[in-house]
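First comes the structure, then the notes that go with it.
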Amino acid sequence: MILELNDDEAHEVEMAVLAQLNYLRHRRERNCIVPGDRIATLEALNARLQGRQASFQARVVGWLHAAFGEAVAKDRTERNHRFLEESLELVQALGCTRSETMQLVDYVYDRPVGRPAQEVGGVSTTLAALCNANDIDMEAAREAELARIWGKIDVIRRKQAAKPAHSPLPGPTPPPDGKEEA
C-alpha cells in the first residue's frame, strides 16, 4: 500500500518515526529491553522516507530476525562464532594455511583484549584492504551474499535447529577419531 502524502504530512510522519527511533535507541542505551526488530523496521522506514536504502547493518538485522528471531540475533556468543567461522573461511579461500592461522591465534590471545568498537573499525578497514588486494568488490560481494541467504532462509533455519546448543561448530560435532558411529 502506497500513501500519497503532501510535504507537510510527509514531514510529520518523518518526525514521528525519528522521535520513536530516538526514544528506542535511548532506552537501549540505558540497557532497557527494546525489540531489535522494531528499531530495524523504524530505521528502514526512516531511510525510505529520506529516499535512501536502509544501511547494510539494518538490512542484515532484518534478515537475522526473519531467519532466527531476536534471541539468536542478539546471542553474542553465537554471533562471535559465526563471524570467526566466516573470517576463517575467507582467509582459507585466499590461501592462508592452518599453521599461519594457529600462529595468529596464539599471537592475538597472548595480547591484551582490545576495545570492541575499535576492533570493528580494524576489521572493516582490513577487510576493505584485503578485498582490494584480491580484486574483490566488497560492496557487490556483501549485497550478493545477503540476497543469496534471503533465498535459502529455510535451509539455514534447519541447519541452525540441528546445531548443538552452545557449540562453536555450525553443525553436529564429528567424533574425535573422524569415524562415524553405527
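Counting only residues that are touching a residue at least 12 places away in the same chain (Cβ under 8 Å) and either exposed (fewer than 13 other Cβ atoms within 10 Å of the Cβ) or over 16 Å from A165 (Cβ atoms) (or both), the stretch 75-85 holds 3 of them. A93 satisfies every condition listed in (1) surrounded by fewer than 13 Cβ atoms within 10 Å (Cβ to Cβ); (2) touching a Gly at 6+ places or on another chain (Cβ under 6 Å) except (2). Helices (runs of 4 or more DSSP H) fully within the stretch 32-109 that include at least 3 residues being over 13 Å from the mean Cα position of the chain (by Cα) and of a type in the set (S, T, Y): 98-109.
Going through (1) loosely packed, with under 12 Cβ neighbours inside 10 Å; (2) modelled with pLDDT of 80 or more; (3) over 26 Å from R148 (Cβ atoms) one by one, Q20 falls short only on (1).
Listed by first and then second residue, the pairs with beta-carbon distance under 7 Å, at least 6 apart or on different chains, first residue in the stretch 123-147 and among the polar types (S, T, N, Q), second surrounded by 13 or more Cβ atoms within 10 Å (Cβ to Cβ), form an empty list. Selection over the stretch 89-109 of residues that are within 14 Å of N134 (Cβ to Cβ) and small (G, A, S) gives a count of 2. Per this entry, L104 is not counted among residues that are in contact (Cβ under 8 Å) with a residue 12 or more places away in the chain, over 30 Å from A10 (Cβ atoms), among the hydrophobic types (A, V, I, L, M, F, W, C) and out of contact with any helix residue (DSSP H, G or I) (no Cβ under 6 Å at 6 or more places or on another chain). Summed over the stretch 117-150, residues that are under 19 Å from A73 (Cβ atoms) and over 14 Å from the mean Cα position of the chain (by Cα) total 1.
The values are calculated or read from the model by the stated rules, or taken from the named source; none is laboratory data. Worth saying up front: this structure is predicted, and the values here are computed from it rather than measured. So basically every Cβ, Gly included, is an ideal-geometry build from the backbone, and we count neighbours across all protein chains shown.
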